[in-house]
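K.L.:
So that we are looking at the same thing, I have put the structure below in structure tokens.
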Amino acid sequence: SAKKAGRGRILAFHHGLEDEINERRFIEQELRHALADGVLSVFYQPIVAGDGLRMVGAEALVRWKHPVRGNIPPSVFVAVAEQAGLMIELGEFVLRRALADARDWPELFIAINLSPIQVRDRGLVRTVAGALGDSGIEPSRVVLEITEGVLIDNPEEAKQRLKELRGLGVKIALDDFGSGYSSLSYLRRLPIDKLKIDKEFVSPLGRSANGGVILQAIVALGRALGLSVLAEGVETEEQRLLLRLAGCDEMQGYLFARPMPASAFLDVTRRGIVLAGPPAADDGEDF
Ligand code: C2E
Ligand code: MG
Ligand code: MG
Ligand code: MG
């Protein structure tokens, strides 16, 4: 009967929910251990100039290889860290590791993601200042990537904090622009230096005619506001050419290179890289 089927559905829903809660608890416990044991790592993905030929920087991306589960994606465990009160610790780990590693490639900038939880934290400016001082990295080489999520709770406080960070000499990038609910008004409301256009806007390039028109408009708008514009998720040669025509300042994506461990990244910088080419085969290092 319909009633029976309905009950079954509810039961299934409860099971699913329970599994989800157990899974979250498991990840949270394991993440506490991973942080304490220092087993997380940071990978680096090259960022190239608008011509797509010269490397100008790298984005730091946290990685976790669980002994039993294997690679757990940051989209999963960063969210758990945020909910479990572990994000400040996780964020400071990435910040310090990335700044330390970046000493080995002094000619490049280093971009580091900040969770909205970190931006809300009153201690952030002191933490960043301390990590900059300890690493000896020139602040102008550092880009902190934020998302529109920083505006949710207390937009005035967030703006103030970003201004203080800029006061240290670092740059601020608005990440994932165009995804989710981001609106053009954020571009005026936030003190930022750089716009990272989400891959959602890059992937239709070459597949549909108006995909290119929207992207061109975003690039033009960003530049008119005095922002440097970077396109994320560049996977094809056709996309690279269209982005170059649109006047994009920088690009990042599998077409050039996947995220890789610091040692491999250092090799790439030393070889004086020819990045443009077919996407690297997945060697199992990244996921
Ligand atoms: P994000 O900051 O937008 O980072 C870019 C993501 O796109 C990375 O995924 C990168 O591996 C992936 N990517 C790069 N090029 C391409 C491409 O050509 N095609 C496709 N399909 N993907 C590409 P990843 O490393 O899995 O990170 C996912 C998200 O997790 C990040 O998005 C960021 O929001 C978050 N995250 C990663 N590391 C950190 C961290 O240290 N701190 C914080 N707060 N968040 C982090
Ligand atoms: Mg990012
Ligand atoms: Mg992004
Ligand atoms: Mg993204």
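K.L.:
Filter segment 223-239 for residues that are more than 16 Å from ligand 2 (Cβ to nearest atom) and outside any loop (DSSP other than H, G, I, E, B); which is surrounded by the fewest Cβ atoms within 10 Å (Cβ to Cβ)?
P.N.:
So, considering only residues that are more than 16 Å from ligand 2 (Cβ to nearest atom) and outside any loop (DSSP other than H, G, I, E, B), the one surrounded by the fewest Cβ atoms within 10 Å (Cβ to Cβ) is ALA224.
K.L.:
Residues of segment 119-129 being away from ligand 3 (no atom under 16 Å from the Cβ) and either more than 24 Å from PRO74 (Cβ to Cβ) or within 21 Å of the chain's Cα centre (by Cα) (or both), which ones? Talk me through it step by step, then tell me what you get.
P.N.:
Pass one, segment 119-129, residues away from ligand 3 (no atom under 16 Å from the Cβ): 120-129.
The answer is ARG120, ASP121, ARG122, LEU124, VAL125, ARG126, THR127, VAL128, ALA129.
K.L.:
From the set of residues in segment 245-265 that are assigned to a loop (DSSP other than H, G, I, E, B) and within 14 Å of ligand 3 (Cβ to nearest atom), which is farthest from LYS171 (Cα to Cα)? Lay out the reasoning, then the answer.
P.N.:
Initially, segment 245-265 is screened for residues assigned to a loop (DSSP other than H, G, I, E, B), giving 247-249, 252-259.
Right, trim to within 14 Å of ligand 3 (Cβ to nearest atom) and you get 252-254, 259.
On the way: GLN252: 18, GLY253: 21, TYR254: 24, PRO259: 22 Å.
Ranking the candidates gives TYR254 first.
K.L.:
Of everything in segment 178-197, what is more than 16 Å from ligand 4 (Cβ to nearest atom), at pLDDT below 85 and not basic (Lys, Arg)? Give them in sequence order.
P.N.:
Within segment 178-197, SER183, LEU184, SER185, LEU187 qualify.
K.L.:
For residues that are acidic (Asp, Glu) and not in a helix (DSSP H, G or I), scanning just segment 109-166, find the one that is nearest to PHE177 (Cα to Cα).
P.N.:
Filtering segment 109-166 for residues acidic (Asp, Glu) gives 121, 134, 138, 145, 148, 153, 156-157, 164.
Imposing the further condition that a residue be not in a helix (DSSP H, G or I) reduces the set to 121, 138, 145, 153.
Details: ASP121: 23, GLU138: 27, GLU145: 11, ASP153: 19 Å.
Ranking the candidates gives GLU145 first.
K.L.:
If I go through segment 205-233 residue by residue, how many of them are out of contact with any Phe, Trp or Tyr (no Cβ under 7 Å at 6 or more places or on another chain) and within 16 Å of ligand 4 (Cβ to nearest atom)?
P.N.:
First, pick out the residues of segment 205-233 that are out of contact with any Phe, Trp or Tyr (no Cβ under 7 Å at 6 or more places or on another chain): 205-213, 216-217, 219-233.
Now narrow it down to the ones that are within 16 Å of ligand 4 (Cβ to nearest atom): 229-233.
Qualifying residue count, segment 205-233: 5.
K.L.:
Restricted to segment 101-151, and to residues that are of a type in the set (Gly, Ala, Ser) and under 21 Å from SER228 (Cβ atoms), which residue is surrounded by the most Cβ atoms within 10 Å (Cβ to Cβ)? Show your work before the answer.
P.N.:
Applying the first criterion (of a type in the set (Gly, Ala, Ser)) to segment 101-151 yields 102, 111, 115, 123, 129-131, 133, 135-136, 140, 149.
In the following step, the residues that additionally are under 21 Å from SER228 (Cβ atoms) were identified as 102, 111, 140.
Details: ALA102: 25, ALA111: 28, SER140: 11.
Checking each candidate, the answer is ALA111.
K.L.:
Of these, VAL125, VAL142, which one is more than 13 Å from ligand 1 (Cβ to nearest atom) and either of a type in the set (S, T, N, Q) or under 17 Å from ILE47 (Cβ atoms) (or both)?
P.N.:
Working: VAL125 fails: either of a type in the set (S, T, N, Q) or under 17 Å from ILE47 (Cβ atoms) (or both).
Sole residue among the options that is more than 13 Å from ligand 1 (Cβ to nearest atom) and either of a type in the set (S, T, N, Q) or under 17 Å from ILE47 (Cβ atoms) (or both): VAL142.
K.L.:
Here is a further query. For segment 67-79, check the following and say yes or no: at least one residue is more than 15 Å from the chain's Cα centre (by Cα), crowded, with 16+ Cβ neighbours inside 10 Å and either in contact (Cβ under 8 Å) with a residue 60 or more places away in the chain or assigned to a strand (DSSP E or B) (or both). Break it down into steps so the answer makes sense when it comes.
P.N.:
Of the residues in segment 67-79, the ones more than 15 Å from the chain's Cα centre (by Cα) are 67-72.
Okay, now just the ones that are also crowded, with 16+ Cβ neighbours inside 10 Å, so 72.
Next cut, either in contact (Cβ under 8 Å) with a residue 60 or more places away in the chain or assigned to a strand (DSSP E or B) (or both) only: 72.
The answer is yes, given that some residue of segment 67-79 is more than 15 Å from the chain's Cα centre (by Cα), crowded, with 16+ Cβ neighbours inside 10 Å and either in contact (Cβ under 8 Å) with a residue 60 or more places away in the chain or assigned to a strand (DSSP E or B) (or both).
Yes/no per residue for (1) touching a residue at least 24 places away in the same chain (Cβ under 8 Å); (2) β-branched (Val, Ile, Thr); (3) within 24 Å of PHE109 (Cα to Cα); (4) touching a Pro at 6+ places or on another chain (Cβ under 8 Å):
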position	(1), (2), (3), (4)
LEU187	yes, no, yes, no
LEU190	yes, no, yes, no
LYS196	yes, no, yes, no
LEU205	yes, no, no, no
SER208	no, no, no, no
GLY211	no, no, no, yes
ILE214	no, yes, no, no
GLU232	yes, no, yes, no
LEU243	yes, no, yes, no
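K.L.:
Can you name every residue in segment 52-64 that is within 13 Å of ligand 1 (Cβ to nearest atom) and not aliphatic (A, V, I, L, M)? Before the answer, list the steps.
P.N.:
Taking segment 52-64 and keeping what is within 13 Å of ligand 1 (Cβ to nearest atom), we get 52, 58-64.
Across segment 52-64, the qualifying residues are GLY52, GLU59, ARG63, TRP64.
K.L.:
Conditions: (1) assigned to a loop (DSSP other than H, G, I, E, B); (2) in contact with a strand residue (DSSP E or B) (Cβ under 6 Å, 6 or more places away or on another chain); (3) more than 16 Å from ligand 2 (Cβ to nearest atom). LEU242 meets all but one. Number of the miss?
P.N.:
LEU242 satisfies all of (1) assigned to a loop (DSSP other than H, G, I, E, B); (2) in contact with a strand residue (DSSP E or B) (Cβ under 6 Å, 6 or more places away or on another chain); (3) more than 16 Å from ligand 2 (Cβ to nearest atom) except (1).
K.L.:
Would you be able to say whether some residue in segment 7-20 is of a type in the set (Gly, Ala, Ser), at pLDDT 95 or above and over 19 Å from GLU145 (Cα atoms)? Let's see the steps before the verdict.
P.N.:
The initial filter retains those residues of segment 7-20 that are of a type in the set (Gly, Ala, Ser), namely 8, 12, 16.
Retained after the next criterion (residues that are at pLDDT 95 or above): none.
Scanning segment 7-20 turns up no residue that is of a type in the set (Gly, Ala, Ser), at pLDDT 95 or above and over 19 Å from GLU145 (Cα atoms).
K.L.:
Keeping to segment 178-226, report how many residues are hydroxyl-bearing (Ser, Thr, Tyr), within 16 Å of ligand 3 (Cβ to nearest atom) and within 17 Å of LEU151 (Cβ to Cβ). Outline the logic, then answer.
P.N.:
Here is the first cut: in segment 178-226, the ones hydroxyl-bearing (Ser, Thr, Tyr) are 179, 181-183, 185-186, 203, 208.
Subset that is within 16 Å of ligand 3 (Cβ to nearest atom): 179, 181-182, 186, 203.
Adding the requirement that they be within 17 Å of LEU151 (Cβ to Cβ) leaves 179, 181-182, 186.
Total meeting the criteria: 4.
K.L.:
Condition first: within 16 Å of the chain's Cα centre (by Cα) and β-branched (Val, Ile, Thr). Now tell me which residues in segment 219-267 satisfy that.
P.N.:
Within segment 219-267, VAL229, VAL234 qualify.
K.L.:
Something else: For ASP175, which of the numbered conditions (1) farther than 22 Å from ALA79 by Cα; (2) touching an Asp or Glu at 6+ places or on another chain (Cβ under 9 Å); (3) of a type in the set (D, E, K, R) fails to hold?
P.N.:
(1)
The values are calculated or read from the model by the stated rules, or taken from the named source; none is laboratory data. Everything numeric in this text was worked out from a predicted model, so none of it was measured. So basically every Cβ, Gly included, is an ideal-geometry build from the backbone, and we count neighbours across all protein chains shown.
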